[in-house]
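Have a look at the structure below before the remarks.
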Amino acid sequence: MDENICCCCNEEVNNVVIGEYVCFCNHVSEQDIIQAIENGATTVESVIKITGAMKKSNCAVNNPKGTCCYPDIIYVFNKYRKIV
């Protein structure tokens, strides 16, 4: 997947604002993503697989931004992948 385009809605990745969850549909937090990276996730796709993010998505209803969480997942992944 292109890490600059949302995989489910083709939106450009920008204006990322994180709330209580990164993925509201599946209650995946920033800490869950950090833990996935600590446990060996090396790509955004592996983070999604490990955390269960983006399954049963209904972002327009669940995400307070009303948009897909994929850009937020990318943001958090890029923020921590080199630190952990």
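The figures follow:
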| read-out | value |
| --- | --- |
| Spatially proximal lysines relative to K55 (Cα-Cα < 25 Å; intrachain offsets below 8 disregarded) | K65, K79 |
| Highest-first arrangement of 35-48, 67-80, where packing means the average Cβ count within 10 Å | 67-80, 35-48 |
| The stretch 15-84, relative contact order [Cα under 8 Å, separation at least 6], % | 41 |
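Readers should treat all values here as calculations from the given coordinates under stated rules, not as data from a laboratory. Remember, it's a predicted structure, so these values are computed and weren't measured experimentally. Note that each Cβ is placed from the backbone with ideal geometry, even for glycine, and that neighbours are counted across all protein chains shown.
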